[in-house]
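What follows is a single structure, written as structure tokens, with notes after it.
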2 protein chains.
Amino acid sequence: MARLNMRELALKLGVDRATVSRALSNDKAHLVAPATRERIRQAAGAAGYRPDLTAATLRRGRSHTVGILVSDLGNETFIDVIRTIFRHLDARSDAPPITPLIAETLDQPDATRRLIHTFLSRRVDAIISLASTEADTAILQDAAREVPVVLAIRAIAGAVFPSALCDDRAGGAMVATHFAERGHKIVCQVQGPPLSATFKNRALGFSEVCASRSIVETPQRIFAETATSAAGKRALDALLAVSPRPTAIFAHNDALALGVIEAMRHRGLRCPEDLAIVGFNNTQLSRILAVPLSTVDYPVEEVSRHAGELVRNLIADPSYRFESRLFTPSLIVRASS
Amino acid sequence: MARLNMRELALKLGVDRATVSRALSNDKAHLVAPATRERIRQAAGAAGYRPDLTAATLRRGRSHTVGILVSDLGNETFIDVIRTIFRHLDARSDAPPITPLIAETLDQPDATRRLIHTFLSRRVDAIISLASTEADTAILQDAAREVPVVLAIRAIAGAVFPSALCDDRAGGAMVATHFAERGHKIVCQVQGPPLSATFKNRALGFSEVCASRSIVETPQRIFAETATSAAGKRALDALLAVSPRPTAIFAHNDALALGVIEAMRHRGLRCPEDLAIVGFNNTQLSRILAVPLSTVDYPVEEVSRHAGELVRNLIADPSYRFESRLFTPSLIVRASS
DNA sequence: AACATCTTGTCAATCGATTGCAAAAAGTGT
DNA sequence: ACACTTTTTGCAATCGATTGACAAGATGTT
């Protein structure tokens, strides 16, 4: 069961472990004579030698590992971003591959603190936080004094971190503009939990355009406690009580939109005739609904790539002059509006 | 930037590092006087001391880490299983928490080998492979000589690993029985890629019941190259060319079923009147279709829990007499059949 | 008072790879 | 053959925590 280690390999070849280490490394391989280097590499391959990365990490102080915090693994968009980040971190063949550690916080600050501590104990080279809330600010700032911390998807109000975000405000604005062009005069929003900057910005962008194009936004905004279809269902009741009655609504994500649509179906209301609706994220479900859902496409690829690059660059040089970026989403008009 | 390490903490407290180590450990804390122990724990907490787990791993030979291989992170069922496994691994407060490492193989054997090697280099305590294919057999067997390897979701034909699986054969049988009870005489399957044991077993269970209840299964089976809705769409053309023409079809998962249904809509065919359809997995989409989809509910909780337990037990004792288990899924009848 | 037992803490080796420094070997020019 | 540079290799310390062996001190027993 005992694994072959470097000392044994060196012994077998009659060289020093230092020579083996250098021969197998990327950056110091030139320090060993070509013939010896090849001999060592052959033997290592043949013997199935695999270096112990925990030992290497201890000595080097670099683990080639990044921690990814995500609030909800059930969220399709988050998963898309994570897997795309994976690819960007793993793909580059010049640099050593980076192994991601993933943790689900479920938006619980205690769990988040615990998970961040675990990451730091495991000596991650950086942390990417997807969709963190304000409750995490202090912990993340703490962590940032040890390793680079990069934010993706959700900004944190009042804190500056390198980040890769979607321009949610622009997204909200696009929806309002769309409603204006279709001649809607009275509109309403079903807003996600307001502790998330994402939803705040979507609301803001939408309202701004409504004001400038003199569309009436019903004074009562609908707040969903969670951004889920169940909450969307409940929202319809509230919506119908609103006066003046809106003819179009902007749901802050596709799940909320779905809930509203299902509730409408129950009541015999038709979409878009009775009520037009636009969602956000362009998830799979938006395409497959009986009435395909208009929605805002999330710039997954760009956000992920930038997050990956920030991490790579900040790991290479902690004082790297990073640039946080906002990526513009795009409206996809389908039958629901 | 330099982190506080155990030596410094010990120095500050005027005790030996060994004493600190024992005071902070779970199993050896009783070896240090209660007063000293508390003093050390207080100080450690106050100073924000966090042990370096890579050093501990190196010394102990245990990383408290497991590697999870998954073929496709976009698959809702896989994600559900992963996050449920997380919870079972992380939750137990008596044992130290286990950090999962996740890797997406995309069913590419080369990538799989690379990722497994990375896991082993990082000294994972065990590997869980979700939905592996036969192409991975040799690599997994290799890995199994170093650490416990547990299979979930998909068995590998001809190889014995501790596993936690869904009884796909029973699931297929349920669908056939359901068709029989509804009076269908001619049925057909849209089968997922046959290199996956999952789909083989679903097909088998279905066919067995068809035979015993003298339902005609059309001789031409439809094989989808991938288990996606696009493949499902293409499958409908093939289906319509089949003779005798079936009145009900069993799609091997919900995505395939969705594809078939969308293609039907394009042709103006009605579900279930013209063609009844049942899927598999009970994914979100099955609930939200215009005609809610009958499907087989996947026993996510049971599979995940058992996989987690296998891993825990095998880590604690590699010679543990494990029991591989099959969990029975359940048919959910909705409007589509 | 002598001896056994238990408690508490220290010393030093260890896990496996990396790397600064210096020694040995090989190459170069005169 | 000699002085000198350059290449190649070896030695030994190091990263930070854990643990077996053992010593010193405290407590108990007869």
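The values are calculated or read from the model by the stated rules, or taken from the named source; none is laboratory data. Worth saying up front: this structure is predicted, and the values here are computed from it rather than measured. Don't worry about glycine lacking a Cβ; one is built from the backbone with ideal geometry, like all the others, and counts go over all protein chains shown. Note: accessible area is taken over every heavy atom of the protein model, side chains too, but ligands, DNA and RNA are not part of it. Shrake-Rupley method; radii C 1.70, N 1.55, O 1.52, S 1.80 Å.
Position B:H266: other-copy label points at 3.4 nm, ordered by increasing distance, label point 7 Å along Cα→C-beta.
Evaluating kT/(6 pi eta Rh) at 4 °C and 1.567 mPa s, with the Kirkwood radius of chain B over Cα pairs in the Stokes-Einstein relation, gives 58 µm² s⁻¹. Hydrodynamic estimate: the Kirkwood radius of the range A:6-51 over Cα pairs, inserted into Stokes-Einstein at 10 °C and 1.306 mPa s, corresponds to D of 156 µm²/s.
Largest mean-square fluctuation among A:N75, A:N253, A:N282, in a Gaussian network model of chain A whose springs join Cα atoms under 10 Å apart, belongs to A:N75.
The convex hull built on the alpha-carbon positions of the protein assembly as shown has an orientation-averaged projected area of 34.6 nm². Sorted from closest to farthest, the other copies place their B:E225 label points 4.8 nm away, with each point set 7 Å from Cα along Cα→Cβ.
Relative to the longest principal axis of the Cα atoms of chain A, the long axis of helix A:109-121 makes an angle of roughly 20 degrees. The aspartates and glutamates whose alpha-carbon is closer than 15 Å to the alpha-carbon of A:K185, local same-chain residues fewer than 8 away aside, are A:E208, A:E217, A:E273, A:D274. If you take every DSSP beta bridge whose two residues both sit in the protein assembly as shown, what share of them, in percent to the nearest 5, is antiparallel? Among the beta bridges of the protein assembly as shown, antiparallel pairing accounts for roughly 10 percent.
Segment B:Q42..B:A335, full-extension length gain: 99.3 nm, with 0.36 nm per residue of separation and the alpha-carbon distance subtracted. Relative to the longest principal axis of the Cα atoms of chain A, the long axis of helix A:197-212 makes an angle of roughly 40 degrees.
Residues whose amide H lies under 5 Å from that of B:I68, counting only those 5 or more places away or on a different chain, are B:L101, B:I102, B:A103, B:I128; hydrogens are built 1.01 Å from N in the peptide plane.
Among beta bridges from DSSP that stay inside chain A, the antiparallel ones total about 10%. The mean number of partner chain beta-carbon atoms within 10 angstrom of a residue's beta-carbon across peptide B:69-77 is 2. For the rotational copies A and B, the chain A residue with its Cβ nearest the relating axis, together with that separation in Å, is A:A290, 2. What does the charge count around A:A276 come to, taking other residues whose C-beta lies under 14 Å from its C-beta (Lys +1, Arg +1, Asp -1, Glu -1)? It works out to a net charge of +2.
Ligands, DNA and RNA excluded, the heavy atoms of A:H184 present near 30 Å² of accessible surface to a 1.4 Å solvent probe. Association of chains A and B removes close to 4200 square angstrom of accessible area from solvent, both sides included, for a probe radius of 1.4 Å.
Between this copy and the others, label points of A:R114 are 3.5 nm apart in ascending order, each placed 7 angstrom from Cα in the Cβ direction.
Dividing the convex hull volume of the alpha-carbon atoms in the range A:168-297 by its residue count gives 90 Å³ per residue.
Inverting the mean 1/r over all pairs of different Cα atoms, compute the Kirkwood radius of the range B:1-128 and quote it in Å. About 17.1 Å, per the Kirkwood formula over Cα pairs. Derived from the Cα gyration tensor, the three semi-axes of the equivalent ellipsoid of the range B:270-337 are 38, 10, 6 Å, largest first. Using the 1.4 Å probe convention, the accessible area of the protein assembly as shown works out to 44 Å² per residue with neighbouring protein chains retained. Taking all protein chains together and rolling a 1.4 Å probe, A:K12 ends up with roughly 140 Å² accessible.
How much of the accessible area of the range B:168-297, probe 1.4 Å, is carbon plus sulfur, in whole percent? Result for the range B:168-297: 54 percent of the exposed heavy-atom area is carbon or sulfur. Take every pair of alpha-carbon atoms less than 8 Å apart whose residues are at least six positions apart; their mean separation over the length of chain A yields a relative contact order of 15 percent. FRET efficiency for the pair A:S324 and B:R267, taken as 1/(1 + (r/R0)^6) with r the Cβ-Cβ distance and R0 = 45 Å, rounds to 0.35. Could you work out what % of the accessible surface of the range A:6-51 is carbon and sulfur, using a 1.4 angstrom probe and leaving DNA, RNA and ligands out of the count? Within the range A:6-51, the accessible surface is 51 percent carbon and sulfur.
With R₀ fixed at 22 Å, the C-beta to C-beta distance from B:A138 to A:R7 puts the FRET efficiency at about 0.15.
Per residue of B:100-109, other chain Cβ atoms within 10 Å of the residue Cβ number 3 on average. Counting every alpha-carbon pair across the range A:214-273, the share separated by more than 20 Å comes to 19%. When chain B is treated as a GNM with alpha-carbon contacts under 10 Å, the residue of B:L293, B:L106, B:L140 showing the greatest mean-square fluctuation is B:L106.
Across A:V311, A:V300, A:V20, mean-square fluctuation computed from a Gaussian network of chain A (C-alpha pairs under 10 Å connected) peaks at A:V20. With a Förster radius of 30 Å applied to the C-beta separation of B:T226 and A:E301, the computed FRET efficiency comes to 0.90. Viscosity 0.890 mPa s, temperature 25 °C: give me the Stokes-Einstein translational D for the range B:136-239 in µm²/s, with Rh taken as the Kirkwood radius over C-alpha pairs. For these conditions, the coefficient is 160 µm²/s.
For trypsin sites (Lys or Arg not before Pro), the sites in the range A:101-173 that DSSP calls loop and that have at most 14 other Cβ atoms within 10 Å are A:R145. Averaged over the residues of peptide A:113-121, the number of Cβ atoms from other protein chains lying within 10 Å of each residue's Cβ is 3. Straight-line reach from B:K233: taking Cα to Cα under 23 Å and skipping same-chain neighbours fewer than 8 places apart, the lysines in range are B:K200.
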